[in-house]
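Down below is the structure, laid out as structure tokens.
The values are calculated or read from the model by the stated rules, or taken from the named source; none is laboratory data. Please read these numbers as outputs of a predicted model, since none were measured by experiment. Positions of Cβ are generated from backbone atoms using ideal geometry, with glycine treated the same way; all protein chains shown enter the neighbour counts.
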């Protein structure tokens with residue numbers, strides 16, 4: 001116990017070193033532990049469902065199509081359940097937001113509609129109440145809803161009597177029958193409602209709009225399930241050649257599907273933090289080596305009075321054990337704080353609701369602390385006391401051996417290399433974000449107001465259509481409004497709706513005689529509100545009210561003409577949807593390409609159905625104003641209260657804001673990696689500065705002798721900087737090699753820039769060389785101020 005007190009007092013006598021080491025270790029261990037928790041939660045830990053390895057996604061697929069994977073038609077979900085031998089159950093889901101008007105303050109809720117057996121597939125019971133019964137999942141059954149834990153806490157205050165309450169949307173009351181656990185879903189879904197699909201939709205073989213999910217039977221592999229569904233779909237293709245031929249099924253692991261792109265971002269983030277931790281560790285190692293050099297006289301005196309080498313090593317190791325233990329505790333506290341912060345900042349990340357500093361993260365923190373103790377205490381102490389001559393140490397007070405100096409140089413070179421890697425990666429992501437933010441979307445997003453008016457799919461379509469027409473007509477009368485319309489999905493929103501069409505006079509690209517296209521419903525004024533260029537023909541005419549019954553007008557984009565019209569005019573040709581049995585529609589106009597799928601996605605052939613009122617009950621309204629959007633917003637709110645009293649208006653924002661929000665994730669990735677890169681740059685500069693300063697201090701006698709023999713101050717500075725420059729050069733070259741080797745990791749995260757970019761590497765090298773040169777120049781200038789007389793006299 002006494003030896004530990006001695007070690008603690010020794011640390012107190014060196015507060016600067018102790019505090020610096022503690023802060024650096026705390027940051028390294030704390031942030032790394034938090035990021036390990038994220039990595040473990042999102043990528044490593046099994047899904048929180050019973051026998052989670054049995055859960056898969058099931059989608060339709062066709063090798064003959066340009067897009068291999070497709071959503072699933074409801075009828076096919078039922079047929080797969082009926083004929084498959086590899087699955088216990090298969091179900092489907094599609095998103096449909098709802099507006100709850102059961103309370104004084106209406107609220108827009110992110111919702112999903114489910115098909116039968118959805119909760120049965122996951123096997124997770126409700127936290128409160130129950131999930132749906134078979135009677136509630138078919139058309140005409142009782143209206144029921146299951147809500148998320150987050151909604152239960154936020155809107156209902158964790159009311160224990162929640163199953164006695166009702167959720168009201170579209171004028172209909174849905175009994176809240178259950179609350180799902182917090183880990184069942186992230187914040188993207190707040191309420192689940194049975195789809196209760198109509199007999200028409202249940203027989204429409206080309207109505208592909210469900211995301212399928214299934215539970216395999218015990219012992220069945222994904223490959224076996226894939227083969228089983230492929231056989232089922234092959235039989236369906238022979239029975240229904242017009243809609244099912246050349247179609248198959250694709251089965252994927254549910255965890256991989258849920259993590260999606262987040263896996264790449266989390267892995268990148270964890271890798272960046274790990275590199276930063278390595279740089280931090282190496283910097284502290286350099287700090288401790290410098291401390292041991294400064295304590296050379298103390299170590300020599302202890303050796304000269306009979307202390308054994310093992311005793312000195314234990315003493316020094318105990319000092320670092322104290323620092324590492326304190327850093328472990330502080331790091332764990334920082335990790336807890338960081339996890340809470342990450343949960344709030346990245347609420348849309350898959351599985352973030354499960355995030356916590358769990359046992360594996362705690363073990364990692366303990367391991368990091370133990371490793372830090374070994375690296376920072378035992379190893380440098382062994383190096384410092386190896387083959388040391390006490391009399392020489394007492395006489396000179398210098399303890400820098402060639403081996404230890406070489407170790408410090410290697411550490412600094414490694415810091416420079418890792419910093420080069422981070423800087424080049426951050427440069428790629430920044431340029432990718434810049435390119436994405438400069439993409440021409442194909443429309444003018446300035447001065448366009450967006451809003452929603454609550455309506456449900458099961459409301460009377462004729463009534464909804466009349467309300468929509470009166471609303472758009474009224475908006476067009478507001479002073480300053482130039483155009484107004486509506487659509488089912490905004491461009492760059494990620495809604496990649498696909499349908500198969502048959503074009504009059506065009507050769508089909510599919511063996512089934514159809515061609516895949518993207519699909520949007522639009523009213524006549526919508527495309528004008530976005531100022532999409534009209535390339536040929538005419539705009540959508542005003543259609544008759546009511547649900548679409550076929551025979552309507554269509555518009556297509558330029559890419560459609562290039563791919564399916566082979567560059568020839570398609571105006572006046574007939575276009576039909578395969579498998580729906582609807583009359584063909586006439587193409588009346590061609591517009592420019594909009595980035596409908598995503599800003600980073602290339603143009604895709606799209607058709608625009610000139611929609612009647614009520615065709616899409618819950619559309620996106622778009623209004624172009626000449627100026628003063630705020631005044632127009634107030635007028636729109638007033639109009640909605642007049643035309644649709646009792647219906648909430650929500651989602652009021654500018655289109656350019658909505659477009660900018662799609663860049664949040666790439667901007668966040670770039671900023672995070674850039675922050676780590678600059679932190680690494682600062683640490684590398686500090687490490688280089690410390691090494692050069694220590695070299696100058698240790699070599700003051702040699703410098704003094706050289707100056708006494710006639711060396712100029714400039715020559716001394718040049719010599720010191722040249723020695724540091726060799727380390728910088730080695731580190732930059734090694735970092736460039738690492739960056740080129742690891743570029744495939746970034747390939748999925750970048751846009752408009754090559755994964756191996758010479759310009760990016762050059763800028764990173766220039767930045768690193770400049771900062772490093774400044775860090776080396778400062779102590780080098782002090783070397784030029786050495787008084788040779790004092791140095792020689794001190795010897």
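On inspection, residue 171 passes the criterion of being in the same structural domain as residue 138 (by TED's automatic domain parsing) and on the phi > 0 side of the Ramachandran plot. Which of the residues belonging to region 132-142 are part of a loop (DSSP other than H, G, I, E, B) and touching a residue at least 40 places away in the same chain (Cβ under 8 Å)? Across region 132-142, the qualifying residues are 132, 138, 139, 140, 141. Elements of the type helices (runs of 4 or more DSSP H) sitting completely within region 680-795 and holding at least 1 residues that are in the same structural domain as residue 433 (by TED's automatic domain parsing) and either at pLDDT 80 or above or touching a strand residue (DSSP E or B) at 6+ places or on another chain (Cβ under 6 Å) (or both): these cover 713-746, 758-784.
In region 81-91, which residue that is within 16 Å of residue 54 (Cβ to Cβ) and in contact (Cβ under 8 Å) with a residue 60 or more places away in the chain is surrounded by the most Cβ atoms within 10 Å (Cβ to Cβ)? Selected residue: 90.
Within region 617-656, take every residue that is at pLDDT below 85 and in a loop (DSSP other than H, G, I, E, B) and give me the one that is nearest to the chain's Cα centre (by Cα). Of everything passing the filter in region 617-656, 618 is nearest to the chain's Cα centre (by Cα).
Just to be sure before I move on: is residue 459 more than 30 Å from residue 643 (Cβ to Cβ) and outside any helix (DSSP H, G or I) in the structure I sent? In short, no.
When each of 276, 292 is tested for being under 30 Å from residue 417 (Cβ atoms), surrounded by fewer than 21 Cβ atoms within 10 Å (Cβ to Cβ) and at pLDDT below 70, the lone residue that passes is 292.
Of the residues making up region 498-535, just one is at pLDDT below 90, in contact with a helix residue (DSSP H, G or I) (Cβ under 7 Å, 6 or more places away or on another chain) and under 27 Å from residue 445 (Cβ atoms), namely 517. The set of residues from region 110-131 being under 30 Å from residue 620 (Cα atoms) and surrounded by fewer than 19 Cβ atoms within 10 Å (Cβ to Cβ) comprises just one member, 110. When region 94-107 is filtered for residues that are buried (at least 18 other Cβ atoms within 10 Å of the Cβ) and assigned to a strand (DSSP E or B), the ones remaining, listed by number, are 98, 99, 100.
Among the residues of region 166-179, none qualifies, meaning not one is over 25 Å from residue 652 (Cα atoms) and part of a loop (DSSP other than H, G, I, E, B).
Residue count for region 550-577 under the criterion of being farther than 14 Å from residue 608 by Cα, in a helix (DSSP H, G or I) and in contact with a strand residue (DSSP E or B) (Cβ under 9 Å, 6 or more places away or on another chain): the result is 2. The residues of region 132-142 that are buried (at least 18 other Cβ atoms within 10 Å of the Cβ) and touching a helix residue (DSSP H, G or I) at 6+ places or on another chain (Cβ under 9 Å), listed by number, are 132, 137. Here residue 152 qualifies as surrounded by 16 or more Cβ atoms within 10 Å (Cβ to Cβ), part of a helix (DSSP H, G or I) and outside the structural domain of residue 614 (by TED's automatic domain parsing).
Yes or no: region 422-437 includes at least one residue that is free of Cβ contacts under 8 Å to residues at least 12 places away in the same chain and either under 27 Å from residue 666 (Cβ atoms) or surrounded by 20 or more Cβ atoms within 10 Å (Cβ to Cβ) (or both). Yes, there is a match, as at least one residue in region 422-437 is free of Cβ contacts under 8 Å to residues at least 12 places away in the same chain and either under 27 Å from residue 666 (Cβ atoms) or surrounded by 20 or more Cβ atoms within 10 Å (Cβ to Cβ) (or both).
Taking the conditions (1) in a helix (DSSP H, G or I); (2) modelled with pLDDT under 85; (3) buried (at least 16 other Cβ atoms within 10 Å of the Cβ); (4) not assigned by TED's automatic domain parsing to the domain that holds residue 38 in turn, residue 237 satisfies each one other than (2).
To keep it simple, each residue is scored yes or no on (1) under 26 Å from residue 183 (Cα atoms); (2) part of a strand (DSSP E or B); (3) modelled with pLDDT under 90; (4) assigned by TED's automatic domain parsing to the domain that holds residue 94.
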| residue | (1), (2), (3), (4) |
| --- | --- |
| 205 | no, no, yes, yes |
| 214 | yes, yes, no, yes |
| 219 | yes, no, no, yes |
| 223 | no, no, no, yes |
| 227 | no, no, no, yes |
| 242 | no, no, yes, yes |
| 270 | yes, no, yes, no |
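Set side by side, the residues 76, 155 differ, and just one is closer than 27 Å to residue 495 by Cβ and within 31 Å of the chain's Cα centre (by Cα), which is 155.
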